[in-house]
């Protein structure tokens with residue numbers, strides 16, 4: 001599947017068996033969660049649930065070592081996590097304890113199997129309405145399972161659910177992971193229609209979003225350039241602050257003139273010309289490193305990109321200055 005990343009993102013490793021490593025964990029036919037907590041759709045069908053014995057629980061992100069004695073001596077083999085390391089996997093045989101006190105402290109790398117019975121109950125109870133405010137760790141835990149769906153499960157439902165989560169849980173730490181996952185998984189699935197389904201992802205000033213713009217040959221608006229002004233080295237923001245509408249207007253005129261001659265701004269860039277850097281594309285630690293580690297084009301650090309945007313901002317600044325002088329002399 002991940003050979004579909006094509007010209008945008010590059011895998012750090014090649015693994016022909018990757019689909020078998022991240023395919024769904026077993027699903028439960030047990031209705032106790034549905035009956036007792038009344039978890040609605042689409043949430044219920046997006047959960048990963050198992051009735052297996054808890055002795056099979058694995059820890060996401062860990063690595064076990066198997067030692068085999070052979071005639072040539074002991075052989076050591078590192079084993080990646082199996083299906084039962086999925087942190088969002090709901091183990092029906094683990095106890096829950098009803099309570100009304102929301103646990104507010106952050107739980108780093110949350111995992112259902114590591115929760116206390118009280119926090120398991122709180123998480124399950126929140127799943128009845130995932131739009132409600134809660135501990136952000138619960139949002140992340142549910143999101144881990146949605147990332148798995150993006151890759152090998154129900155992609156369309158997962159996309160809709162992540163968009164819904166972003167509407168109600170907008171903290172930067174969650175937003176950055178969610179948008180990055182949406183972009184990379186959608187390209188892996190050859191689903192660039194993600195732009196129409198979630199147009200806000202293009203507004204993010206991150207390399208992944210800019211790469212998607214290049215792939216689709218979109219423009220950069222005046223607001224886009226203003227938002228990344230500091231990143232590209234434009235520091236004289238006096239007119240942006242004092243005369244924002246005028247500055248935006250002059251900048252957009254420059255963009256329109258450029259595109260009338262050369263086409264949409266992002267079409268002048270080629271992804272092959274950028275340096276690539278490995279990044280953890282997905283938050284879910286149970287996904288193999290060969291999936292999580294993706295090489296991303298470093299657009300915001302590229303000299304051609306930075307200089308081009310900075311030059312337009314500088315020219316817009318000069319045009320605003322000239323306009324203000326003209327207004328004062330007439």
Check your understanding: Which distance in Å, rounded to a whole number, links the C-alpha centroids of the range 280-302 and the range 159-173?
Key -> 20
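Hey, can you rank 306-319, 163-176 by average C-beta count inside 10 Å, highest first? Numbers along the way, then the final one.
Values: 306-319: 17.7, 163-176: 13.9.
Going from most to least packed, we get 306-319, 163-176.
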Study note, to complete from the structure: Honestly the range 194-283 on the Cα gyration tensor test (a ≥ b ≥ c root eigenvalues; a/c under 1.5 rounded, otherwise a/b vs b/c for prolate or oblate) is just prolate
Practice item. Using a Förster distance of 41 angstrom, determine the FRET efficiency expected from the C-beta separation of residue 93 and residue 170, and round it to 0.05. Key: 0.70
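Once you have the Cα-Cα distance between residue 264 and residue 114, take 0.36 nm times their residue separation minus that, and quote the gain in nm to one decimal. Walk me through the intermediate numbers first.
On the way: separation 150, 0.36 × 150 = 54.00 nm, distance 5.01 nm.
This chain segment gains 49.0 nm when fully extended.
Taking 35 Å as R0, compute the FRET efficiency from the Cβ-Cβ separation of residue 256 and residue 289 and round it to 0.05. The partial results should precede the final answer.
Details: r = 45 Å, r/R0 = 1.29.
Working from the Cβ atoms, E equals 0.20.
How high is the FRET efficiency between residue 300 and residue 156 when r is their beta carbon distance and R₀ equals 35 Å, given to the nearest 0.05?
Working: r = 31 Å, r/R0 = 0.87.
Taking R0 as 35 Å, the efficiency between residue 300 and residue 156 is 0.70.
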**Study point:** Cα centroid separation - the range 237-255 against the range 80-116, whole Å
**Key:** 50
Review point. Residue separation times 0.36 nm, minus the C-alpha to C-alpha distance between residue 236 and residue 221: what's the value?
Key: 3.5 nm
Exercise for review: Starting from the Cα of residue 325, step 7 Å along the direction of its Cβ; do the same at residue 105; then give the gap between the two resulting points in nm.
Suggested key: 6.3
Review point. Roughly how many nanometres apart are two label points built 7 Å out from the Cα toward the Cβ at residue 271 and residue 205?
Key: 2.3
Revision key, fill the gap. Length gained if residue 45 through residue 193 is fully extended, taking 0.36 nm per residue and subtracting the Cα-Cα distance, is 51.0 nm
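None of the figures in this text is laboratory data; all of them are computed from the coordinates on show. The structure displayed is predicted, hence computed values, not measured ones. Note that each Cβ is placed from the backbone with ideal geometry, even for glycine, and that neighbours are counted across all protein chains shown.
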